[in-house]
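To start, the structure itself, in structure tokens.
The values are calculated or read from the model by the stated rules, or taken from the named source; none is laboratory data. Quantities reported herein were computed from a predicted structural model and do not represent experimental measurements. Counting neighbours? That spans all protein chains shown, and the Cβs are built from the backbone with ideal geometry, glycine included. Accessible surface areas use protein heavy atoms only, side chains included; no ligands, DNA or RNA. Shrake-Rupley method; radii C 1.70, N 1.55, O 1.52, S 1.80 Å.
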Amino acid sequence: MASNLIKGTAILTIGLFLSKALGLLYVIPFYAIVGEKSVGLYQYAYIPYNLALAVAVSGAPLAISKFVSKYNALGDYATGRKLMKSGMLVMSLTGLLSFLALFALANPIAGLVIRDDEQIFTVQDIASVIRWVSFALLAVPLLSIGRGFLQGYQKFEPTSVSQLIEQIVRIVVVLAGAFIVVNVLGLSPRIAVQFAVFAAFIGALAGLWSLYHYWKKYRDEFNYLLTNSPPASSVSLRQIYTEVFAYVLPFVLVGTINPIYQFVDMVTFNDAMKSIGLASVSDLYLTKLNFLTHKVVMIPVMVATGFSMALISIITSYYTKNDQQGVSRSLDQTYQIMLFLTIPMVIGLIVLNNEVYQFLYEQDAAGAGVLASYAPVAILFAMFTVTAAILQGIDHHKWIVFTSLLGLLVKMIINIPLIKLFETNGAILATAIGYSVAVGINLLVIKKALNYKSQMVIRRLVLILIFNAIMFAGVWLTTKGLNALHVPVGRWQALLYVLIGTGVGMAIYGFLSFKSGLAQRLFGERLTRIAQRIGFGG
């Protein structure tokens, strides 16, 4: 089962990495086509869309994965199939209702954002893009239930591939559409943004096509398991949905807590900036925070997301079988690998903030500063995702609700005062404090509920931090030396510096990890054999 965790995590993480990487890289040409001012409309559309999507999906992928995994572990494959059939209808209905609600509420939401005539956008600008993106709600819920069902069978490849196809199709439509609107038809970049957000709907249809292909591939296997399953009639639809809905709120909160934090910034940031005389630049700074740098910061979080998606069904299986040792091994493995991979990525963003921002967008000290301040919060995002997944796996759903809402309440209380004191960094600090509260309580609950203690994880975390400190020094000295010789001009020189700095960091971190044996212990026998071939001890 431990190998299933590594395999499932690897598949999901690779898919998420490629999807996130594409979701970041397409911003480069899109930014060039529509410009910094118009690109801000994009984030004003997607934050309310993500919240509406949470209502439509209701945590379906992970909730259904947990439910199906639980009954499959008991040999009851019919109950999961019964949920799948009725869930398609339910998801279609929630998607339709969420679409209608977001479409109707576009104007009121836009009114919360526009607080001063000096701002770049109008209420109508923002309402329009919200309406265009709302169409995706008609397709994405069906996509989510299909992914959840397949993950319940520990089939992680369909989720990974469908996410990738969805992203590729969406990006092609975004870029082709924006280019035609601006450069061929000569229309406003703001119209191009409207078309770009509608691409989410087209991408979701492509993802559905991909999942249907996988369903045909696995159908015979699933039908064989179904024929050897006890009848599903022993568990009524009412009982099924009572159990599933018991999972829903925690899953919704885990899936949407980050967009909710962003929404808090979206409806408070402009007003707070106006109160300190910065209304004319508030849209631009909010775009840097909630869209441009947020996309970069979320890349390290994909590691945790991949773990959580694989972790829930596996921990649920261990927990259902009362296998305490299996649960503890999974926790040890998860914490260590997640931190081993996430921390150096964050360090890299901090040290190379100027070069990364210049490569992706343009040379902008303010934007690079936001990225450097925001990057460390990615570790908290990752820890929250993983600890919440663990609590879900052991049926401690009420604690997820409590810690999520408590952290959010802290963010709401301190956000405006901190923005008034520290501007954009104040919003980042409020997010960090809110997440710290939630993660801290989650860790305490896990420790108590599972009687979980692991000095090994603490020792290895110290070792990981030491390695990262050495790597930080090496990359920082390299970057300073390069800039002393020649300050990068343009995107491609900045990319060269990013590649050199990243290469130095990987070489230092890799050498220390292999030389100490840490990498071999974390990633198993195959990596140990590779390490021995290249001259490192096992």
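The table for this structure:
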item	result
Sole exception among (1) open to solvent by 70 Å² or more (accessible area, probe 1.4 Å); (2) within 27 Å of the chain's Cα centre (by Cα); (3) in contact (Cβ under 8 Å) with a residue 40 or more places away in the chain for Val462, by number	(3)
Selection from the stretch 357-389 of residues that are of a type in the set (Ser, Thr, Tyr), assigned to a helix (DSSP H, G or I) and open to solvent by less than 20 Å² (accessible area, probe 1.4 Å)	Tyr357, Tyr374, Thr387
Filter result for the condition that a residue is over 18 Å from Gln43 (Cβ atoms), without any contact (Cβ under 8 Å) to a residue 12 or more places away in the chain, open to solvent by 40 Å² or more (accessible area, probe 1.4 Å) and in contact with a helix residue (DSSP H, G or I) (Cβ under 8 Å, 6 or more places away or on another chain), over Leu208, Leu187	Leu187
Failed item, numbered, when Leu93 is tested on (1) under 27 Å from the mean Cα position of the chain (by Cα); (2) closer than 30 Å to Lys274 by Cα; (3) surrounded by fewer than 17 Cβ atoms within 10 Å (Cβ to Cβ)	(2)
Selection status of Ser144, of a type in the set (Gly, Ala, Ser), within 23 Å of Gly255 (Cβ to Cβ) and touching a Gly at 6+ places or on another chain (Cβ under 6 Å)	no
Of all residues in the stretch 219-236 being within 32 Å of the chain's Cα centre (by Cα) and exposed (fewer than 14 other Cβ atoms within 10 Å of the Cβ), the one that is modelled with the highest pLDDT	Arg219
In the stretch 167-184, residue nearest to His213 (Cα to Cα) [restricted to those that are among the β-branched types (Val, Ile, Thr) and open to solvent by 70 Å² or more (accessible area, probe 1.4 Å)]	Ile168
Conditions (1) under 17 Å from Gln167 (Cα atoms); (2) at pLDDT below 80; (3) among the polar types (S, T, N, Q): number failed by Ser210	(2)
Among the residues listed as Leu137, Leu164, the single one being open to solvent by 10 Å² or more (accessible area, probe 1.4 Å), farther than 30 Å from Leu278 by Cβ and in a helix (DSSP H, G or I)	Leu164
Residue count, the stretch 317-349 (criterion: free of Cβ contacts under 8 Å to residues at least 60 places away in the same chain and open to solvent by less than 50 Å² (accessible area, probe 1.4 Å))	4
In the stretch 501-513, residue modelled with the highest pLDDT [restricted to those that are within 16 Å of Val462 (Cα to Cα) and of a type outside the set (A, V, I, L, M)]	Tyr509
Filter result for the condition that a residue is modelled with pLDDT under 85 and not aromatic (Phe, Trp, Tyr), over Leu465, Leu527	Leu527
Selection count, the stretch 397-408, where residues are over 11 Å from Phe384 (Cβ atoms) and open to solvent by less than 90 Å² (accessible area, probe 1.4 Å)	5
Checklist (1) out of contact with any Leu (no Cβ under 8 Å at 6 or more places or on another chain); (2) in a helix (DSSP H, G or I); (3) modelled with pLDDT under 85 applied to Asn354, failing item	(3)
Qualifying position, being touching a residue at least 40 places away in the same chain (Cβ under 8 Å) and under 15 Å from Lys217 (Cβ atoms), among Leu150, Leu164, Leu175	Leu150
First in the stretch 440-456 and under 17 Å from Ala382 (Cα atoms), second anywhere and hydrophobic (A, V, I, L, M, F, W, C), Cβ under 6 Å, 6 or more apart	Ile446/Ile390
